[in-house]
Amino acid sequence: MARTVLIAGNWKMNKTIAEGESFADGLKSSIGDHDCEFAVFPPFFSVPFVSARLEGAGVTVGAQDLFWEKSGAFTGEISAEMIADAGGTAVLIGHSERRHEIGETNDVVSRKLKAALDAGLVPVLCVGETLEDREAGDAEPYVRIQLESAVAGLTVHQVQRMILAYEPLWAIGTGRTASPEDADTMHRFVRKFIESRFGADLAASIRILYGGSVKPENATALLGKEDIDGALIGGASLDLDTFLGIAAAAEDPS
Ligand code: 13P
């Protein structure tokens, strides 16, 4: 089953509103040159501005996190409904920086995932092992536990609306990328897991993005792999030309 390549930029804690708007304008005017889909995940403040600038362009604009309650006394938090109200249609869930820098547990990730689905957002569920686990040969069991916990109790209909992202912790912001073969092996493992729980049709259609030091120079090899359906890009997504360079490289099979 054909899965449209998705090139997604996670801006993390970068860009002012004006910088986000200018990026969005440039992206909108370049969309016609590409066959892939695009998504951007700006900081919360910029979501309404960036989504307004990208209106009608077919680019997904999402937030980088949410809180699982709808409203109430949760100082500093943002709900899924607020993201939707601001024009966001997607959200990153369980990014490794939130899991490892902020201390989000699998239980927290699972609550956030359900809140995103309940609000009609497209969740991009991030999973990925630590260097210790990879070196100990435990990368797959580590990722399986993350997946099992996140999708427990979800229906096929809900999982159909999700996107998955494999981001090995040791490859994020380090310049060290998983080899295309290792990344593809993990993607196949993730797809098999989905197949075992939700069936072959869903497994064949769900998109699994790779994240971790993706740049134009390595995008062709990574995205050329059968089970890698796109990229979730941090540092290299901040500059529009580099971001579009990754899309161009992904579209170039040579
Ligand atoms: P880098 O591309 O900077 O390694 O970040 C990857 C990432 O965390 C995307 O979510």
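Read the figures in this text as sums done on the coordinates, not as results from a lab. Note that the structure is a prediction, hence the values are computed from the model and not measured. Cβ coordinates were reconstructed from backbone atoms using ideal geometry, including for glycine residues, and neighbour counts include every protein chain displayed.
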*Hey, what number do you get for the chain at 222 nm if only DSSP H runs of n ≥ 4 count, each worth -39500 (n - 2.57), divided across all residues, to the nearest 500?*
-12500 deg cm²/dmol
*Give me the distance between the Cα centres of region 23-55 and region 154-171, rounded to whole Å.*
22
*In terms of modelled amide H atoms, which long-range or inter-chain residues lie less than 5 Å from the amide H of Gly128?*
Glu167
*With springs connecting C-alpha atoms under 10 Å apart, model the chain as a Gaussian network and identify which of Pro168, Pro216, Pro141 has the largest mean-square fluctuation.*
Pro141
*Test item: Cα-centred dipole of region 108-199, Lys/Arg +1 and Asp/Glu -1 on Cβ, debye*: 520
*What is the set of long-range amide H partners of Val91 at a cut-off below 5 Å, with H atoms built 1.01 Å from backbone N?*
Ala63, Val122, Val124
*Work out the charge dipole of the chain with +1 on the Cβ of Lys and Arg and -1 on the Cβ of Asp and Glu about the Cα centre, then indicate which of Gly120, Val61, Ala200 is farthest towards its positive end.*
Gly120
*Using θ = phi - 60° and Karplus 6.51 cos²θ - 1.76 cosθ + 1.60, couplings along region 137-144 (whole Hz; Gly, Pro as x)*: x, 10, 4, 5, x, 4, 5, 4
*Mind checking which of Ala90, Gly76, Gly175 is farthest towards the positive end of region 73-232's charge dipole, using Cβ charges of +1 (Lys, Arg) and -1 (Asp, Glu) about the Cα centre?*
Ala90
_Quick check for me: using +1 on Lys/Arg Cβ and -1 on Asp/Glu Cβ, what's the dipole size of the chain about its Cα centre, in debye to the nearest 20?_
480
_27 Å Cα-Cα reach of Lys12 towards lysines, excluding residues that sit fewer than 8 places from it in its own chain_ = Lys28, Lys70, Lys112, Lys114, Lys215, Lys225
*Across every pair of different alpha-carbon atoms, what Kirkwood hydrodynamic radius in Å does the chain reach?*
18.1
*asked:* I need the phi-derived Karplus couplings for region 32-45: 6.51 cos²θ - 1.76 cosθ + 1.60, θ = phi - 60°, integer Hz, Gly and Pro marked x.
replied: x, 7, 10, 9, 7, 9, 10, 9, 10, 10, x, x, 3, 4
_With θ taken as phi - 60° and the coefficients 6.51, -1.76 and 1.60, list the Karplus ³J(HN,Hα) couplings across region 126-134 in order, rounded to whole Hz; mark glycine and proline as x._
9, 9, x, 8, 7, 5, 4, 5, 5
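Kindly state, to the nearest 0.05, the FRET efficiency for Ala136 paired with Ala221, given R0 = 30 Å and r defined as their beta-carbon distance.
Details: r = 26 Å, r/R0 = 0.88.
Result of the calculation: an efficiency of 0.70.
Tell me, what is the percent relative contact order of region 1-71, built from C-alpha pairs under 8 Å that lie six or more residues apart? Intermediate values should be presented prior to the final figure.
On the way: 89 pairs, mean separation 26.4, N = 71.
Computed value for region 1-71: 37 percent relative contact order.
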*What residues have an amide H closer than 5 Å to that of Ser79, excluding those fewer than 5 places away on the same chain, when H is modeled at 1.01 Å from N in the peptide plane?*
Phe67
*Each label point is 7 Å from the Cα along the Cα-to-Cβ direction; what then is the distance between the points at Thr75 and Asp201, in nm?*
5.0
_Candidates Gly88, Gly199, Gly212, ranked by Gaussian network fluctuation over the chain, Cα under 10 Å, top entry_ = Gly199
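How much length, in nm to one decimal, is gained on full extension between Ser179 and Arg144, taken as 0.36 nm per residue of separation minus their Cα-Cα distance? Show your work: numbers first, answer last.
Details: separation 35, 0.36 × 35 = 12.60 nm, distance 2.01 nm.
My answer for the length gained is 10.6 nm.
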*How high is the relative contact order of the chain, given as a whole-number percent (alpha carbon pairs under 8 Å, six or more residues apart)?*
20
